[in-house]
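This report concerns only the one structure given below.
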Amino acid sequence: MNSLRPVTVITGASAGIGVALAHIFARNGFTLALVARREDRLRALADEIAATGAPRPIVLALDLAKPGAAAAIRAALEAQGAEPQYVVNNAGFGLVGLAEKRDRDEQLAMIDLNVRVLTELSLAFVPSLARHRGGILNVGSVAGFLPGPGMAVYYATKAYVLSFSEALHSELKSRGVRVTVLCPGPVPTEFAARAGISEGLAPGLLTQSAEAVAEAGYRGLMRGTRTVVPGLANKVVTILIRIVPRRFLLKLVDSRQSRRRASQGA
């Protein structure tokens, strides 16, 4: 009989949506395992959560870009008598700029984190997720519905996350494992600075707080919803994308990214 206690693993838990998700899961009674590179931030977040009376989260200071991330997480959890009930793949980053001109290694590192690591962690713990009737929450983006000139590689990684997660939702349903892909629009977090976005993210109607996005993702996962797009305006965008000619979408996104590059002198 398996005696390992169930935990919710949240990657990218040191900032933004990851922090908001950690607070929401903890508030709803789940024990957490927080994963990111910045140990000081993870420990501060663990202190905040413990101060509310919730179980103190496990802190795993790991660089997910290094090979063997899933094995490292598994070993660290088992050493503390735990295994995943939920896996929240929130770690990821974006880069603004023409694919031809951006640093090649940096773009490949983005693919590695946004795609390979997410895939590895989505598949590595299915038996324990099934044992605990849990699930997977993959953080994608509205960008996954669009072509993305000016952020071509990032948009493509999020298209993968959307397609992969929706398929996995279907494949794992018979195992009792819920899979939800969360596709927010612009969120004012450290993501923008890392991506190189120095001006406003987008029209205010599309922008939502990390807390609102995290709450929508949590509710969707618990309901077993396949795809969650937070905010009415963003939902409308994903509907319009299906009927607007692709060439128009390409021009629209390219124009937006061109203005960003111009504002940054790129």
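Among the residues making up segment 90-106, those that are surrounded by fewer than 21 Cβ atoms within 10 Å (Cβ to Cβ), touching a Leu at 6+ places or on another chain (Cβ under 8 Å) and either under 28 Å from residue 9 (Cβ atoms) or among the aromatic types (Phe, Trp, Tyr) (or both) are 93, 106. Does segment 134-150 contain any residue that is under 21 Å from residue 5 (Cβ atoms), open to solvent by 10 Å² or more (accessible area, probe 1.4 Å), over 18 Å from the mean Cα position of the chain (by Cα) and touching a residue at least 24 places away in the same chain (Cβ under 8 Å)? The answer is no, given that none of the residues of segment 134-150 is under 21 Å from residue 5 (Cβ atoms), open to solvent by 10 Å² or more (accessible area, probe 1.4 Å), over 18 Å from the mean Cα position of the chain (by Cα) and touching a residue at least 24 places away in the same chain (Cβ under 8 Å). Can you name the residue in segment 200-227 that is part of a loop (DSSP other than H, G, I, E, B) and at pLDDT 95 or above and is also most open to solvent (accessible area, probe 1.4 Å) among such residues? Across segment 200-227, the extreme among qualifying residues is 226. Restricting 104, 131 to residues that are basic (Lys, Arg) and in contact (Cβ under 8 Å) with a residue 60 or more places away in the chain narrows the list to 131.
Do any residues in segment 161-188 that are farther than 25 Å from residue 236 by Cβ have Cβ atoms under 6 Å from those of residues that are part of a loop (DSSP other than H, G, I, E, B) and open to solvent by less than 30 Å² (accessible area, probe 1.4 Å), where the two are at least six apart or on different chains, and which pairs are they? What qualifies is 178/224.
Tallying residues that are in contact (Cβ under 8 Å) with a residue 40 or more places away in the chain and on the phi < 0 side of the Ramachandran plot within segment 224-239 yields 10.
Of the residues in segment 45-54, at least one is surrounded by 24 or more Cβ atoms within 10 Å (Cβ to Cβ) and farther than 23 Å from residue 175 by Cα.
When residue 109 is tested against (1) surrounded by 16 or more Cβ atoms within 10 Å (Cβ to Cβ); (2) modelled with pLDDT of 95 or more; (3) under 21 Å from residue 162 (Cα atoms), just one condition goes unmet, and that condition is (1).
For the structure I just gave you, tell me whether residue 160 is under 23 Å from residue 185 (Cα atoms), open to solvent by 50 Å² or more (accessible area, probe 1.4 Å) and part of a helix (DSSP H, G or I). Spelling it out, residue 160 is indeed under 23 Å from residue 185 (Cα atoms), open to solvent by 50 Å² or more (accessible area, probe 1.4 Å) and part of a helix (DSSP H, G or I).
The values are calculated or read from the model by the stated rules, or taken from the named source; none is laboratory data. In this text the structure is predicted, and so the values were computed from the model without any measurement. Quick reminder, even Gly has a Cβ in these numbers, built from the backbone with ideal geometry, and neighbours come from all protein chains shown. These accessible areas exclude ligands, DNA and RNA; they are computed on the full protein's heavy atoms, side chains included. Shrake-Rupley method; radii C 1.70, N 1.55, O 1.52, S 1.80 Å.
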